[in-house]
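Colleague: The structure under discussion is supplied below as structure tokens; questions concerning it will follow.
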Amino acid sequence: MNIISFIKRGEYIDSISIMLIAKRVAEIEGVTDSAAVMGTAENKAMLKASGFVTPEILQAGEMDLIVALKLRDGVEPGSITATVRAIFKTAKEQDGEDTLLPQSIESALKTLPDANLAMISVAGRYAGDLAMKSLEQGLHVMLFSDNVSIEEEIELKKFASSRHLFVMGPDCGTAIINGVPLAFANVVDRGNIGVVAASGTGLQEVSCLISNAGCGISQAIGTGGRDVTKEVGGVMFIEGIRALASDPSTHVVLLVSKPPAAEVVKKIVSVANGIQKPIVSVFLDASTALLKDSNIVQASTLEEAALLSVALAKNEDPATVGKLLKKRRSEIARIAKTEAAKLSPKQKYLRALYSGGTFCDEAQLICQADLRDLHSNTPFGSSKKLRDSSRSQGHTIVDLGDDEFTVGKPHPMIDYSTRNKRIITDAEDPETAVLLLDIVLGYGANMSPLDDIIPVIQQMRTITAHQKRYLPVICSVTGTDRDPQNRSAVAAGLQAKGVVVMESNAAASTLAQAIISAKER
Amino acid sequence: MSQIFQSELKVINIGLRSFKETLDKQNVRAVHVDWRPPLIVDNTAMAVIRSNAVRIEAANRKALEKILNSKPVITGMGKALEVIPGMKKNLLLHAGPPVNWQSMCGPMRGAVIGALMYEGLAGDVEQAEQIAASGAIEFSPCHEHAAVGPMAGIVSPSMPVFILENVTYGNRAYCTMNEGLGKVLRYGAYGPEVIERLKWMESTLYPSLCRAIEKVGTIDLKNIIAQALQMGDEVHNRNRAATSLLYRTLAPAVLQTSDDKEMAAAVLEFINRNDHFFLNLSMGASKLSLDAARNIRDSSIVVAMARNGTEFGVQLSGTGSEWFTGPSPVPDALYFTGFTREDANPDIGDSSVTETAGLGGFAIASSPAIVQFVGGSTKDAINYTLKMYEITDAENTVYKIPYLNFRGTPTGIDVIKVVGKNILPFIDTGVAHKNAGIGQIGAGVLSAPAEPFMKAFITFADRLTTQKEH
């Protein structure tokens, strides 16, 4: 066992900050035991009794902070040093938290002169002005805010282009820049696949699937959904593709969007044709004539796009993806048959309750192949509009993250209460045959999803058991094991309650649809 | 574009604080901005201002150059009637923006009554009130006569005033001698002892100081203020160091120019016992510097913030003599025993001219000694000063704050920043009783009210538009 210590001399650190430091060093990978204390005689005796003995600790004075660590065998002390220094640094900054925060971009730049990105999440009416100020200061912008007018968006993006800056958004929920997940993003591995996405949930899904399949993300650039409309003209989507094309760490470029405007698709194709790197696209659209003569590999689902990118990144034959998905389809058919057999004659309808908007679209696209009479509050393809968004009607695929549900409330990825109520309503409906759900993990999302969803699953089971029915629940979990919520733990928790957890939304939607189809036969 | 991929990501976060916390967890360098929505959301006005940014910036630079290069000195003394421009026998000057007798607050009415009796224009209170209401007496803001006055700020024709001169730009400013604390005219007291003191100041203090100043030559106020800031004054609510420095300058000359030892001692003792003796001079020095920066076209710099106890008024360099006003707020104060907020008069006096020039509340980080007196901690004081850098265009080149590594005080309030950032100027001040004659009942701090700044901003933007069309 290796014992190392760090001494921070003569610097006043309050007790709360010391506790914080202690907590953080204990969490460092490779540390088996740790302590953070001031170097008083008592503390030093305590350290000695716990086996922490180093020359530095012996010499430390009462005014010195001691951090002592026991490392697992084989862990390089050198790799820990930088982490501990960083912890010291942030602890000291927090110590000064009650000193005044900068109140404007200009004064923030005095504190952090070489800042390169402004993350803006204030109310939409103020966001455009702040974004422009940031661009004027030479900062790239991630504009999380929505309700920024399209005129402002166009003005911002034109100005940004002229300054060679990115404007990600408005309404850009997620991005991964230089390995740093921003806003609502997952902790994914770094790698050689670069993503440009006009869809936040889409970006989260492909980046997680890529990471879970053993590859990683070089950069993931969000553009906001409106970027690919005719009006905005795909300015940032195109800039994103160009940036990834010239980025040496990116080997495969993955494009994610709801169907872009035809003009934008043409621009994408013309830019893509000049790029040597493999390019994969998922535009959630069957009409792909425009892409026919391009070198872009088309995928019909987010999952397929992620797997194709992975294959290309690993220099494998993309045809393996087709085989894999085919094999999975037969497996899904088998599960579907078993589940369908447990349904009562009255149970007919799919009820999909989504928190992710792109998932809602993707599910509609997948289910439209076999299910007629599909309804949604955000109809996509041949779906019909729900008469009343708050009530299911026939096969229903609803986006609970749509504005009509979120006025004055947190997004359903954070706060499950709206969906939990809807789960019960649909469970009480004897015609409901399948419940399809999504859970999105990562920063910004609900930090304890199981605590919030398990009780409602149990309540739902009580209702259906009472009515002598069985209701299958299918759920996709978008996330990784490095996310603060840990995907495996969440999936296991759901499975323990009889929820069928699928690896992707595409798989979950396919299964849900297959159960209904199997029942109908 | 892809340059950011090659650099370390460093983030400025504006909005949801949790995004910054997430970045902290990942050891990403990030700064959170404590952002507030602007006072006015007027995209047209903002667009006009943005499209004229270069002109405004140039104008403000010019204004700041004048404020910072100003060099106020005392050159002598004189009677208000003889030296103050536009002073008349039937004119009383008052603090703040224009106000008539009907709208005057208690302390100001009291001071008017006292001044009329001091001038011999009224024999008693009743008569004084009658004359004041009759229209025979004219009222005008000190600020419009190159003068400033603390609290009620009444200057009457016979009052002796210091004559201040701006060595750099040649303009002059005038201010009365400070009467001390307790029952005094500026707080609206008008009893016999008040009039008696004013008479003594006219007959004894004034000639004595006149001679002493003549003997000394000019007295460099900028130098005294700069030193006082390093000795714990912010020269609005604390003037102890500055008064001491002035005393050291004057004392030998007072003795040398006096035949009467007892009288010389009384004069020196009067100054010695009044820690606020320098206040009127720090105000005059501020006024002198700000007046130099008036009437610069396209400048959004505030050249006056003044309160008459009813309204709070603001003037900008680029909008001439127009006052922008709104109701004056009651300061958030610590009250002397026996008094409460109920007793407090709304904020009053020209003394906020110190803040306008980058002193007073703007320099409170220099003055830990008074922080508790105005109700706060040392850290609060530092934060007040730091915050004011957000709304000012320059850091003072001579007035420096030791604790902030001798950083210059935040100077030159820019109305565009006040409105855009929703940060109002911070003032630390004395509080007057709302009834005439009771005097000071506490001290505290306040943010200037938003309304005058919003009005000033709108007019400023309007003028830019019309000028552009011409």
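The values are calculated or read from the model by the stated rules, or taken from the named source; none is laboratory data. Fair warning: this is a prediction, and the values are worked out from it, not measured in the lab. A quick note on method: Cβ atoms are made from the backbone with ideal geometry, for glycine too, and the neighbour counts reach across all protein chains shown.
Colleague: What's the number of the condition residue B:354 fails, among (1) under 22 Å from residue B:303 (Cβ atoms); (2) away from chain A (no Cβ under 14 Å); (3) in contact with a strand residue (DSSP E or B) (Cβ under 8 Å, 6 or more places away or on another chain)?
Modeller: So residue B:354 meets the others, but not (3).
Colleague: Hey, does the range A:206-224 have a residue that's under 15 Å from residue B:5 (Cβ atoms), surrounded by fewer than 23 Cβ atoms within 10 Å (Cβ to Cβ) and within 14 Å of chain B (Cβ to nearest Cβ)?
Modeller: No, there is no match, as no residue in the range A:206-224 is under 15 Å from residue B:5 (Cβ atoms), surrounded by fewer than 23 Cβ atoms within 10 Å (Cβ to Cβ) and within 14 Å of chain B (Cβ to nearest Cβ).
Colleague: Which helices (runs of 4 or more DSSP H) sit wholly inside the range B:44-123 and have at least 3 residues that are farther than 25 Å from residue B:162 by Cα?
Modeller: Answer list for the range B:44-123: B:53-69.
Colleague: Here is a follow-up. With A:450, A:437 as the choices, which residue is in contact with a Cys (Cβ under 6 Å, 6 or more places away or on another chain) and either modelled with pLDDT of 95 or more or buried (at least 18 other Cβ atoms within 10 Å of the Cβ) (or both)?
Modeller: A:437
Colleague: Give B:303, B:267, B:254, B:235 a once-over and let me know the one that is among the hydrophobic types (A, V, I, L, M, F, W, C) and in a strand (DSSP E or B).
Modeller: B:303
Colleague: Taking residue B:45, is it more than 8 Å from chain A (Cβ to nearest Cβ) and farther than 15 Å from residue A:133 by Cβ?
Modeller: Judged against the criteria, residue B:45 is a match.
Colleague: For residue B:316, work out the one condition from (1) farther than 30 Å from residue B:213 by Cα; (2) more than 14 Å from chain A (Cβ to nearest Cβ); (3) surrounded by fewer than 24 Cβ atoms within 10 Å (Cβ to Cβ); (4) touching a residue at least 60 places away in the same chain (Cβ under 8 Å) it doesn't fulfil.
Modeller: (3)
Colleague: Just checking, which of B:136, B:152 is touching a Phe, Trp or Tyr at 6+ places or on another chain (Cβ under 9 Å), touching a residue at least 24 places away in the same chain (Cβ under 8 Å) and small (Gly, Ala, Ser)?
Modeller: So the residue among B:136, B:152 that is touching a Phe, Trp or Tyr at 6+ places or on another chain (Cβ under 9 Å), touching a residue at least 24 places away in the same chain (Cβ under 8 Å) and small (Gly, Ala, Ser) is B:152.
Colleague: Let me ask another. Tell me, yes or no, whether the range A:288-297 has at least one residue that is part of a helix (DSSP H, G or I) and of a type in the set (Val, Ile, Thr).
Modeller: No, the range A:288-297 has no match at all.
Colleague: Related question: Considering only residues of the range B:1-17 that are within 7 Å of chain A (Cβ to nearest Cβ) and in a helix (DSSP H, G or I), which is farthest from residue A:246 (Cα to Cα)?
Modeller: Selected residue: B:4.
Colleague: Scan A:136, A:106 and give me the residue that is within 11 Å of another protein chain (Cβ to nearest Cβ), over 22 Å from residue A:221 (Cα atoms) and free of Cβ contacts under 8 Å to residues at least 40 places away in the same chain.
Modeller: A:106
Colleague: Suppose we filter A:462, A:480 for residues that are under 30 Å from residue A:27 (Cα atoms) and either among the β-branched types (Val, Ile, Thr) or out of contact with any helix residue (DSSP H, G or I) (no Cβ under 8 Å at 6 or more places or on another chain) (or both); which single one remains?
Modeller: From the options A:462, A:480, the qualifying one is A:480.
Colleague: Condition check: farther than 29 Å from residue B:248 by Cα, touching a Lys or Arg at 6+ places or on another chain (Cβ under 9 Å) and outside any strand (DSSP E or B). Does residue B:289 satisfy that?
Modeller: In short, no.
Colleague: Related question: When the range A:121-131 is examined, which residues are found to be more than 8 Å from every other protein chain (Cβ to nearest Cβ) and either surrounded by fewer than 24 Cβ atoms within 10 Å (Cβ to Cβ) or of a type in the set (Ser, Thr, Tyr) (or both)?
Modeller: A:124, A:128
Colleague: Can residue B:333 be described as part of a strand (DSSP E or B) and either acidic (Asp, Glu) or under 28 Å from residue B:99 (Cβ atoms) (or both)?
Modeller: Here the answer is yes, as residue B:333 does meet what is asked.
Colleague: Looking only at the range A:157-197, count how many residues are without any contact (Cβ under 8 Å) to a residue 24 or more places away in the chain and more than 9 Å from every other protein chain (Cβ to nearest Cβ).
Modeller: Total satisfying the criteria: 1.
Colleague: Return yes when residue A:445 is among the hydrophobic types (A, V, I, L, M, F, W, C) and modelled with pLDDT of 95 or more and no when it is not.
Modeller: no
Colleague: For the range A:247-273, give me each residue that is surrounded by fewer than 23 Cβ atoms within 10 Å (Cβ to Cβ), among the hydroxyl-bearing types (Ser, Thr, Tyr) and in contact with a Phe, Trp or Tyr (Cβ under 9 Å, 6 or more places away or on another chain).
Modeller: If the condition is that a residue be surrounded by fewer than 23 Cβ atoms within 10 Å (Cβ to Cβ), among the hydroxyl-bearing types (Ser, Thr, Tyr) and in contact with a Phe, Trp or Tyr (Cβ under 9 Å, 6 or more places away or on another chain), then A:249 is the only one that fits.
Colleague: Still on this structure: Can you tell me which condition residue B:348 does not meet? The list is (1) of a type in the set (A, V, I, L, M, F, W, C); (2) within 18 Å of residue B:108 (Cα to Cα); (3) free of Cβ contacts under 8 Å to residues at least 12 places away in the same chain, and all the others hold.
Modeller: Evaluating residue B:348 over (1) of a type in the set (A, V, I, L, M, F, W, C); (2) within 18 Å of residue B:108 (Cα to Cα); (3) free of Cβ contacts under 8 Å to residues at least 12 places away in the same chain leaves (3) as the failure.
Colleague: Would you mind stating whether residue B:364 is without any contact (Cβ under 8 Å) to a residue 24 or more places away in the chain, among the hydrophobic types (A, V, I, L, M, F, W, C) and touching a helix residue (DSSP H, G or I) at 6+ places or on another chain (Cβ under 6 Å)?
Modeller: Against the criterion (without any contact (Cβ under 8 Å) to a residue 24 or more places away in the chain, among the hydrophobic types (A, V, I, L, M, F, W, C) and touching a helix residue (DSSP H, G or I) at 6+ places or on another chain (Cβ under 6 Å)), residue B:364 does not qualify.
Colleague: From B:338, B:358, B:376, grab the single residue that is within 12 Å of the chain's Cα centre (by Cα), small (Gly, Ala, Ser) and part of a loop (DSSP other than H, G, I, E, B).
Modeller: B:358
Colleague: If you don't mind, another one. Please state which one of B:384, B:389 is in a helix (DSSP H, G or I), more than 23 Å from residue B:58 (Cα to Cα), in contact with a strand residue (DSSP E or B) (Cβ under 6 Å, 6 or more places away or on another chain) and within 14 Å of chain A (Cβ to nearest Cβ).
Modeller: Result: B:384 is the single residue among B:384, B:389 that is in a helix (DSSP H, G or I), more than 23 Å from residue B:58 (Cα to Cα), in contact with a strand residue (DSSP E or B) (Cβ under 6 Å, 6 or more places away or on another chain) and within 14 Å of chain A (Cβ to nearest Cβ).
Colleague: Here is a further query. Condition test on residue A:18, is it modelled with pLDDT under 85, at negative phi and in a helix (DSSP H, G or I)?
Modeller: yes
Every residue, every condition in (1) surrounded by fewer than 23 Cβ atoms within 10 Å (Cβ to Cβ); (2) charged (D, E, K, R); (3) assigned to a helix (DSSP H, G or I), yes or no:
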{"site": "B:393", "(1), (2), (3)": "yes, yes, no"}
{"site": "B:397", "(1), (2), (3)": "yes, no, no"}
{"site": "B:419", "(1), (2), (3)": "no, no, yes"}
{"site": "B:459", "(1), (2), (3)": "yes, no, yes"}
{"site": "B:462", "(1), (2), (3)": "yes, yes, yes"}
{"site": "B:465", "(1), (2), (3)": "yes, no, yes"}
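Colleague: Can residue B:164 be described as buried (at least 24 other Cβ atoms within 10 Å of the Cβ), farther than 23 Å from residue B:355 by Cβ and not aromatic (Phe, Trp, Tyr)?
Modeller: Criteria not met by residue B:164.
Colleague: Right, another one. Checking the conditions here, which among A:311, A:243 is assigned to a helix (DSSP H, G or I) and within 14 Å of chain B (Cβ to nearest Cβ)?
Modeller: Result of the check over A:311, A:243: A:243.
Colleague: Of the residues A:118, A:49, which is of a type in the set (A, V, I, L, M) and within 14 Å of chain B (Cβ to nearest Cβ)?
Modeller: Only one candidate passes the filter, namely A:118.
Colleague: Kindly indicate the residue of the range B:353-373 that is surrounded by fewer than 24 Cβ atoms within 10 Å (Cβ to Cβ) and β-branched (Val, Ile, Thr) and also modelled with the highest pLDDT among those meeting that condition.
Modeller: This residue is B:370.
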